[in-house]
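Have a look at the structure below, then the notes.
The values are calculated or read from the model by the stated rules, or taken from the named source; none is laboratory data. In this text, all values refer to a predicted model and were calculated from it rather than measured experimentally. Note that we place each Cβ from the backbone using ideal geometry, even for glycine, and neighbour counts take in every protein chain shown.
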Amino acid sequence: MDTLFASLGCFGPAALFLVVWSLSCLKVINQYERAVVFTLGKVGDTLKGPGLVFIWRPIQKAVIVSLRTTVLEVPSQDIITRDNVSLKVSAVVYSKVLDPKQAILGVENYYYATSQIAQTTLRSLLGEVSLDELLADREKLSLRLREMIDRSTEPWGVEVSSVELKSVDLPEQIQRAMGKQAEAEREKRAKVIAAEGELLASEQLLEAANKISQNPTAIQMRYLQTLAEIATEKNSTIVFPLPMEFMKAFEKFTKN
């Protein structure tokens with residue numbers, strides 16, 4: 001009997017090891033992840049996940065790849081535009097993995113590789129445009145950047161969904177020059193508006209003068225109105241001889 005218990009006791013450590021090993025082979029894969037499984041160094045045909053998967057250790061190894069969109073900050077790059085203006089430009093790249101196998105097998109580190117491609121493409125493309133084009137067509141340049149980076153990352157199973165130019169840092173001299181140019185444009189518009197107003201006022205005055213000149217009575221009434229306005233402004237009494245034309249017009253008015 002003692003021999004039986006002794007023999008069963010030998011299986012205790014083995015059973016414990018088996019339980020621990022089985023638990024270590026279990027792995028939880030999240031909904032947004034997939035597991036690329038290597039069996040003796042070779043990738044299988046299917047991905048594992050999401051959910052609870054079993055990895056046969058040590059002959060199998062699982063590499064977890066996230067399928068979510070990642071935000072990649074492209075640090076400020078020193079750019080020399082086509083018109084020889086030095087500036088710093090930073091960008092943001094939004095990408096996601098479409099093919100986890102290619103992301104693991106096609107490049108050593110797809111995240112770092114995408115970052116390097118984004119930096120070199122940014123410098124290359126913006127070096128071909130002028131400063132005015134960069135400031136005026138940022139949206140078009142962002143689309144071109146996305147297409148160029150996406151073509152480079154496609155063999156890795158990585159899709160670039162969007163690229164945005166984050167900031168454009170101009171030299172102080174360029175900023176001052178642009179400020180003066182904007183101020184000059186505002187002054188130009190103000191002068192044009194003032195000139196248009198003066199032209200409209202002169203046309204209206206000319207039209208009013210033509211209408212008044214066709215009616216002698218209206219001329220004299222306007223004459224009296226002007227005298228009254230002068231007296232009111234100066235707070236004084238003005239004695240002014242009336243012209244004979246006004247008297248004749250007044251007599252004609254009273255007779256009527």
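For the range 161-170, indicate whether the set of residues that are modelled with pLDDT under 65, surrounded by fewer than 12 Cβ atoms within 10 Å (Cβ to Cβ) and within 30 Å of Asn84 (Cα to Cα) is non-empty. No, the range 161-170 contains no residue that is modelled with pLDDT under 65, surrounded by fewer than 12 Cβ atoms within 10 Å (Cβ to Cβ) and within 30 Å of Asn84 (Cα to Cα). Would you be able to say whether some residue in the range 139-157 is in contact (Cβ under 8 Å) with a residue 60 or more places away in the chain and either crowded, with 18+ Cβ neighbours inside 10 Å or over 28 Å from Arg82 (Cα atoms) (or both)? Yes, that holds for at least one residue. Return a yes/no flag: does the range 71-86 have any residue that is polar (S, T, N, Q), assigned to a strand (DSSP E or B), at pLDDT below 90 and under 37 Å from the mean Cα position of the chain (by Cα). Yes, there is a match, as at least one residue in the range 71-86 is polar (S, T, N, Q), assigned to a strand (DSSP E or B), at pLDDT below 90 and under 37 Å from the mean Cα position of the chain (by Cα).
Kindly establish whether Phe38 is surrounded by 10 or more Cβ atoms within 10 Å (Cβ to Cβ) and modelled with pLDDT of 90 or more. When the stated conditions are applied, Phe38 passes them.
Among the strands (runs of 3 or more DSSP E) confined to the range 14-60, there are none with at least 3 residues that are free of Cβ contacts under 8 Å to residues at least 60 places away in the same chain, on the phi > 0 side of the Ramachandran plot and polar (S, T, N, Q). The set of residues in the range 61-70 being in a loop (DSSP other than H, G, I, E, B) and not polar (S, T, N, Q) consists of Leu67, Arg68. Just one of the numbered conditions (1) of a type outside the set (Asp, Glu); (2) surrounded by 14 or more Cβ atoms within 10 Å (Cβ to Cβ); (3) closer than 25 Å to Ile29 by Cα is not true of Val92: (3). All conditions in (1) at pLDDT 70 or above; (2) basic (Lys, Arg); (3) surrounded by 11 or more Cβ atoms within 10 Å (Cβ to Cβ) hold for Arg189, with the sole exception of (3).
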